[in-house]
Amino acid sequence: MVNEIQVKSILNKQKKRDDWFLCDYTLNPYSGCSFNCIYCYIRGSKYGENMAKGLSVKVNASELLEKQLSRRAKKEEYGIIALSSTTEPYMPIEEKLKLTRRLLETILKYKFPVEVATKSKLVLRDLDLLKAIDKNAILPDDLKPKLKHGTIISFSISTLDETLAKILEPGAPKPMERLETMKKCKEEGFFTGVCFIPVLPFLSDSEE
Ligand code: SF4
């Protein structure tokens with residue numbers, strides 16, 4: 001049984017746009033992560049060493065996002081929302097709870113662009129919403145000439161070696177499954193690709 005928590009805020013505005021992911025906002029439907037990657041930067045912080053154990057669902061996330069996004073939309077403060085920065089939006093628990101899906105419905109309603117960062121094929125379930133966001137989202141003025149998409153779907157991969165992946169990412173889907181999911185997203189016309197992070201010295205790098 002997953003823990004349930006109430007939060008005070010769900011949409012976090014970055015002090016400055018992230019240069020790598022182009023996001024102005026971050027949105028985390030869950031706290032902790034059942035994929036439990038040993039390199040995860042949130043390990044050892046408030047989430048503890050085992051992030052699967054402390055996994056919690058933010059039960060008031062939808063209601064809060066509705067309020068926060070409607071305010072931002074009124075002021076036309078459009079910007080890419082990273083879903084997510086400190087958790088995986090498509091963990092197995094999401095299949096039942098459909099919280100990420102509800103958040104995407106709100107993002108679509110207010111026409112915000114989104115950058116989904118995932119390791120899971122469950123993202124395929126929401127391609128209908130992601131397509132509608134891709135078409136209807138309003139990009140910040142400076143990104144309009146450079147980016148023709150309202151949706152970015154990125155797949156994080158640190159190695160294609162399955163034995164190594166089992167050690168590094170014990171709860172995550174296999175890397176090849178992520179590549180197959182990425183291929184399907186590409187075939188559906190999405191702007192998608194691999195985030196090759198982290199690059200691990202002597203494990204997933206090479207001389208080059
Ligand atoms: S999937 Fe992402 S958030 Fe989850 S443990 Fe791995 S790196 Fe951290």
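The values are calculated or read from the model by the stated rules, or taken from the named source; none is laboratory data. In this text the structure is predicted, and so the values were computed from the model without any measurement. Every residue, glycine among them, receives a Cβ derived from its backbone with ideal geometry; neighbour counts consider all protein chains shown. Each accessible area value is taken on the protein alone, full model and side chains, heavy atoms only, with ligands, DNA and RNA left out. Shrake-Rupley method; radii C 1.70, N 1.55, O 1.52, S 1.80 Å.
One Cα centroid belongs to the range 60-101, the other to the range 177-196; the line between them spans 21 Å.
Which of rounded, prolate or oblate describes the range 87-190 when judged by the alpha-carbon gyration tensor and an a/c cut-off of 1.5? Prolate is the answer for the range 87-190, as a/c is 1.5 or above and a/b outweighs b/c. Could you give the Stokes-Einstein D for the range 4-98 in µm² per second, using the C-alpha Kirkwood radius, 20 °C, 1.002 mPa s? D, rounded to a whole number, is 151 µm²/s.
Normalised radius of gyration for the range 3-195, please: alpha carbon Rg relative to 2.2 N^0.38 Å, two decimal places. Don't skip to the answer; put the middle values down first.
Numbers: Rg = 16.0 Å, N = 193, 2.2 N^0.38 = 16.3 Å.
Cα-based Rg divided by the globular estimate yields 0.98.
Taking Lys and Arg as +1 and Asp and Glu as -1, the other residues whose beta-carbon sits under 12 Å from that of Leu22 total -2.
Can you give the charge dipole size of the chain about its Cα centre, rounded to the nearest 20 debye, using +1 on the beta carbon of Lys and Arg and -1 on the beta carbon of Asp and Glu?
Working: 34 positive and 29 negative charges, 191 e Å.
Dipole of the chain, to the nearest 20 debye: 920 debye.
For Val194, the accessible area of its heavy atoms, probed at 1.4 Å with every protein chain present, is near 70 square angstrom. Return the percentage of antiparallel bridges among DSSP beta bridges fully within the chain, rounded to the nearest 5 %. Looking only at bridges with both residues in the chain, the antiparallel portion is about 20 percent.
For the chain, what does -39500 (n - 2.57) per DSSP helix run (n ≥ 4), summed and divided by total residues, give at 222 nm, in deg cm²/dmol to the nearest 500? Could the numbers behind the result be given before it?
Working: 6 runs with 61 residues, N = 208.
Value at 222 nm, helices only, nearest 500: -8500 deg cm²/dmol.
What residue among Leu179, Leu160, Leu64 shows peak mean-square fluctuation when the chain is described by a Gaussian network model with Cα springs under 10 Å? Between Leu179, Leu160, Leu64, it is Leu160 that shows the largest mean-square fluctuation. Counting only heavy atoms of the protein chains and using a 1.4 Å probe, Thr106 has close to 10 Å² of accessible surface.
Selection among Leu130, Ser70, Ala117 by position relative to the dipole of the range 61-141 gives Ser70 as farthest towards the positive end (Cβ unit charges, Cα centre).
Among the listed pairs Lys15/Lys111; Lys58/Lys98; Lys131/Lys183; Lys98/Lys119, which are separated by more than 19 Å between their Cα atoms? Too far apart for the 19 Å limit: Lys15/Lys111.
Which is the longest stretch in the chain that no exposed loop site breaks, taking sites as trypsin sites (Lys or Arg not before Pro) with a DSSP loop state and at most 10 other Cβ atoms within 10 Å? Please list the in-between numbers first.
Numbers: sites that count: Lys8, Lys15, Lys16, Lys46, Lys75, Lys146, Lys148.
Formally, the longest exposed-site-free interval is 76-145.
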